[in-house]
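Bear in mind these aren't lab numbers, they're just calculated from the coordinates by the rules spelled out. Please read all numbers here as calculations on a predicted model, not as lab measurements. All Cβ positions, even for glycine, are placed from backbone atoms using ideal geometry, and neighbour counts span all protein chains on display.
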Amino acid sequence: MWTTCWPTLSRRLRRSELRAGLLATALLLSGALQAAETTAPVVSAPQLEVAPGLLGQVKEVVQETLQGSVGWLAGGQSEPLVIEQGTASYLANALHGRRTDSGERYDMNELTAAHKTLPFGTRVIVRSLQTGREVAVRITDRGPHLKSRIIDLSHAAAVALGIKSAGLSQVQIVEAQAQKPAR
């Protein structure tokens, strides 16, 4: 698998895996850069002229790539991470009361959703690109079972987003920001 070229490999990885890998690389490089700046060099003087320039270039590239993520890692404010973007639909009312894949019963009046891979109980924000509205939902089921769709929303979530009449909408799934406890 590692013999594949980087563009092919990057298409196979999920966006979150790529971000995590880039973040880990940035942390490793920042540690290596700090160590290179603070430790005495073992190489001769002519080689030292090349190494700092290369390290500086690597540092710039990593900082540009992870501009938003580094702020988030340090606890600063940044844009929430868009997990996925695509078409959303909503679950039929006929499913009301039936068991979901998580074991709980589907309630069309709760703000819930079905997603193919996100863990049950995960809270995400779904943002409609057509209406501009957002709603926080909890993942309780698996689906949608059509390749062209990324999430199935409950009836209440579809109403909150203003997409019930259209039935489908282009949306972004955004990670929910963890709320800090009040003191």
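Residues with amide H under 5 Å of residue 116's amide H, sequence separation 5 or more or different chain, H placed in the peptide plane at 1.01 Å from N; which?
Correct list: 143.
How big is the dipole moment of region 82-175 about its Cα centre under a simple scheme where the beta carbon of each Lys and Arg is +1, that of each Asp and Glu is -1, and everything else is neutral? Debye, nearest 20, please.
160 debye
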